[in-house]
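Let me begin by presenting the structure, written as structure tokens, before commenting on it.
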Amino acid sequence: YGADALRFSLIINSGQDIFISKEKFEIGRNFANKIWNAARLVFMNSEGVLAAGDYERLDIAQLDLPSRWIVSRLDETINKVSHAIETFRYSEAETSAQDFFWGDFCDWYLELIKGRFTDVHIQRPALFILKNSIKLMHPFIPFVTEEIYSHMHPGEDCLSAAVWPQLDAGLIDRQAQAQMQMIIDAVSLIRTIRTQWNIKPGQTVGVIIAPENQEQARVFNANAGDIQRLGKLESLSIDLNAGKVKDSAAGLVGTAKIFVLLKGIVDLEAEKKRMTTELAQKQKAIEGLKGRLNNEAFTGKAPEEVVLKEKERLRTLTKEANELTQVLANIA
């Protein structure tokens, strides 16, 4: 799996007595591959800015909402990673860096800017975030990050001699961070509803968003294109006066209501019947597990790992049953 995968996988499980298996090292290998592929994507789309080195300093006035969000998230992550390292919590530091890079940068930011990479005002923050991210990840994945850094600064000192990242306070925009989080939560909710209702990945759906106030409406309208693209929507309506929407699955993003239109997309009665049956099965299994775990003849004689496994099953089933109950309750 390589030295980076070995190092990363051992650190992320530090402080625990674990059984080492090959699968454990797939975590590090997959993350190293993710870093490399993300860097290649940014490099291929930012060759001019990369060659000129014109990304070391950013002007917040030239950044769009996703870029202001990712810069503010980077600042939070730098603080988390720095504090965790200073207090010798290396697994926590590594996890924070991984969550930011894979979750915020790769899964969200790169997807949000995918169609706008020709703009230098997108290329600069993408390179800026990449450079500071590999500095954060270098203690945990030294070889891949060093190679990426050498492409950004050919002929210069190695990454291990570089200054630890620290952002200019003027780049931090907590309001933009809150606004972008609202957009991310809306897309995530739409995706969750699609999965819950077995809507095929290629099938587009209609969505109505009912904001609580004018400010929410402004943010949703300004980012409607991204919501529509990432949520795979055929239509998106943002309506302050929307009431209960018939034949829809509903959910909340903060105080804004999201309605995914299901009519003509799924067989509502068949899906409700399926979910009701599945819920009944889970509730029956939950009662059985509760009875077993309340039985001293079982908990007193069974091996500890068996009891712990049954408790975990109970937690999982209870969570799934609660989610199904909520889905059925949110049918308008």
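Look at 1, 109 and count the other Cβ atoms within 10 Å of each Cβ; fewest to most, that gives 1, 109. With all projection directions averaged, the alpha carbon convex hull of the stretch 142-206 covers 8.5 nm².
For the stretch 198-324, the alpha carbon convex hull comes to 150 Å³ per residue, rounded to a whole number. Helical runs assigned H by DSSP (4 residues or longer) give the chain a calculated mean residue ellipticity at 222 nm of -19500 deg cm²/dmol, each run adding -39500 (n - 2.57) before division by the residue total.
DSSP beta bridges fully contained in the stretch 176-295 are about 70 percent antiparallel. Note on the chain: with a GNM built from Cα contacts shorter than 10 Å, the maximum mean-square fluctuation among 176, 297, 210 falls on 297. Each residue of the stretch 172-188 is assigned a 3J(HN,Hα), and the resulting list reads 8, 10, 5, 5, 4, 4, 5, 5, 5, 4, 5, 5, 4, 5, 5, 5, 4 Hz, derived from the Karplus form 6.51 cos²θ - 1.76 cosθ + 1.60 (θ = phi - 60°), x at Gly and Pro. Residues within the reach of a label modelled at residue 312 (point 7 angstrom out along Cα to beta-carbon, backbone nitrogen below 15 Å), restricted to the stretch 20-61, are 20-21, 24. For a quick check, take a GNM of the chain with Cα springs below 10 Å and name the residue from 300, 155, 225 with the largest mean-square fluctuation. Between 300, 155, 225, it is 300 that shows the largest mean-square fluctuation. Give the shape of the stretch 120-175 as rounded, prolate or oblate, defined through the alpha-carbon gyration tensor: a ≥ b ≥ c are the square roots of its eigenvalues, a/c under 1.5 means rounded, and otherwise the shape is prolate if a/b is larger than b/c and oblate if not. Prolate shape, in that a/c is at least 1.5 and a/b is the bigger ratio. When +1 charges are put on Lys and Arg Cβ atoms and -1 charges on Asp and Glu Cβ atoms, the dipole computed for the chain relative to its Cα centre reaches about 1300 debye. The amide H of residue 248, built 1.01 Å from its N in the peptide plane, has 262, 332 as neighbours under 5 Å, considering only residues 5 or more places off or on other chains.
Fewest Cβ neighbours within 10 Å first, please rank 75, 239 accordingly.
239, 75
FRET efficiency for the residue 235 to residue 295 pair, using the beta carbon distance and R₀ = 45 Å, is estimated at 0.25. Taken over the Cα atoms of the stretch 22-127, the convex hull encloses 110 Å³ per residue. DSSP finds beta bridges in the chain, and of those with both partners inside it, around 70 percent are antiparallel.
For residue 162, no residue 5 or more places off, or on another chain, has a built amide H under 5 Å of its own. With neighbours defined as other Cβ atoms within 10 Å of a residue's Cβ, the residues 158, 106 order from fewest to most as 158, 106. Would you mind computing, in nm to one decimal, how far apart the modelled labels at residue 1 and residue 36 are, each placed 7 Å from Cα along Cα→Cβ? It works out to 1.5 nm between the two label points. Couplings for the stretch 258-270, taken from phi via the Karplus curve 6.51 cos²θ - 1.76 cosθ + 1.60 with θ = phi - 60°, read 10, 10, 9, 6, 9, 4, x, 9, 10, 7, 4, 5, 5 Hz in order; Gly and Pro are left as x. In percent, rounded to a whole number, the relative contact order of the chain is 15, using alpha-carbon pairs under 8 Å and six or more apart.
Spherically averaged projected area of the convex hull of Cα atoms, the chain: 20.9 nm².
No lab work stands behind these numbers, since they all come straight from the coordinates. This is a predicted model, so every value here is computed, not measured. Cβ sites come from the backbone with ideal geometry, for glycine too, and all protein chains shown count toward neighbours.
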